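> I'd like to ask you about the structure that follows.
What follows is calculated from the coordinates using simple rules that are stated; it is not laboratory data. Since we're looking at a predicted model, the values are computed, not measured. So basically every Cβ, Gly included, is an ideal-geometry build from the backbone, and we count neighbours across all protein chains shown.
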Amino acid sequence: MFYVFPNPQAIAEYVSGLLIAQIQKKNNAVLGLATGSTMEPVYAKLCEQVAQQNVDVSGLTTFNLDEYIGLGSDHPQSYRYYMRQHLFNRLAFVQHRTFLPDGLCADSLQQCEQYSRQIQQAGHIDLQLLGIGNNGHIGFNEPGTSFASRTHVVPLTEQTRIDNSRFFDSLDEVPTQAITLGLQDIMESKQIILIATGTNKAQIMAELYESPVSEQLPASVIKSHPNALVLLDELAAQFLPADLCNVAVV
Ligand code: GLP
C-alpha cells in the first residue's frame, strides 16, 4: 500500500498516468480532486500528458474535496480559483460538471446534503486524489471526525489555519470554517490515491504508517479501503522502515 518514489516529479508522472488510464477506460469517469501544493506537480503533468496524448476529458465529472466558507470563487485562495488555475482552465473540462462546494452559499447544511447526494447519483467517485494535513486530516476532516461522516461544515483547527496561512497575507485572513466531503463519502470511492511529499510530511507519514485505523488520525481510514495507494517521495518517507516500503519502479 505504501510506495516510495525518488521525488515529487516521479509521483506526478505516475499519478498522471493512472488518471489517463482511468479516463481511457471510462471517458465519463468521476474524479475526486484535491487542492494544495502537493497536487500542483500532478496537475501540471496531467495537463502536459493530456495535451501530448490528445486525451478527451470532456466527458469527465469532477468533485472536489473541500472549500473554505466565506471565500467566493474569484478569491485567489478559494479552491475553485485554484482548480481553474491549475486544471479546469487548462484542459477542456465541461464547467457544469466540475463540482466544488460554494463557499458563499447561504444554506450550507442543505448544500452539504446535496453534495453527497450528487456524488451518489453520479455513481460514486472512480478515483479519489488525497493530500494530507500535518495533523492527518484528509479533505478538511480533522482528527476526531466520524468515519460515518458525509459532507459537512467544519471549524478549522488552529494548526490547520496556521499551516494554510502561508497562502494568505496573514493568519487573520484564513477562514475559520470549511465545507468538506465526509470520510464515508471518500471511502465509497472505488480507488483512492493519497500523496505526501517533502520533509514537513515525514512525521505524519510515520504516524500513518504505524497507526491502527483510528478516528484520531483521519487518513488512517484508507487503510481499510480495498483499493488505496499511499505514494510518498523519499523525504516524506524518511521515518518509515525502509525494508517495509515498496520502492516504486519508475
Ligand atoms: C489543505 C486541504 C487538504 C490538503 C492539505 C495539504 O488543508 N484541505 O485537502 O491535503 O491542505 O496541503 P498541501 O498539499 O499544500 O500540503
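> Going by average Cβ neighbours within 10 Å, how do the peptides 112-125, 195-208 rank, with the highest at the top?
Sorting 112-125, 195-208 by mean packing, highest first, produces 195-208, 112-125.
> Hey, what's the Kirkwood Rh for segment 2-247 if you take every pair of different alpha carbons, in angstrom?
Taking every pair of different Cα atoms in segment 2-247, averaging 1/r and inverting gives 18.1 Å.
> Follow-up. How many nm separate the modelled label positions at GLN216 and ARG97, each set 7 Å beyond the Cα in the direction of the Cβ?
Distance between the two pseudo-spin positions: 4.4 nm.
> Span-like helices, the chain: DSSP H, alpha-carbon axial extent 18 Å or more, mean Kyte-Doolittle -0.5 or greater, which ones?
8-25, 40-53
> Moving on. Can you tell me the dipole magnitude for segment 2-247 around its Cα centre, using point charges on the Cβ only (Lys, Arg +1; Asp, Glu -1), in Debye to the nearest 20?
That gives segment 2-247 a dipole magnitude of about 700 debye.
> GLN184 to CYS105: FRET efficiency via 1/(1 + (r/R0)^6), r the Cβ-Cβ distance, R0 25 Å, to the nearest 0.05?
Computed FRET efficiency for GLN184 and CYS105: 0.70.
> Next up: Which residues in segment 171-206 place their backbone N less than 13 Å from a point set 7 Å from the Cα of SER146 along the Cα-to-Cβ direction?
182-185
> Just order 164-172, 57-65 by mean Cβ neighbour count inside 10 Å, highest at the front, would you?
Order by mean packing, descending: 57-65, 164-172.
> Given a cut-off of under 8 Å on Cα pairs at least six residues apart, what relative contact order in percent is computed for segment 2-247?
24
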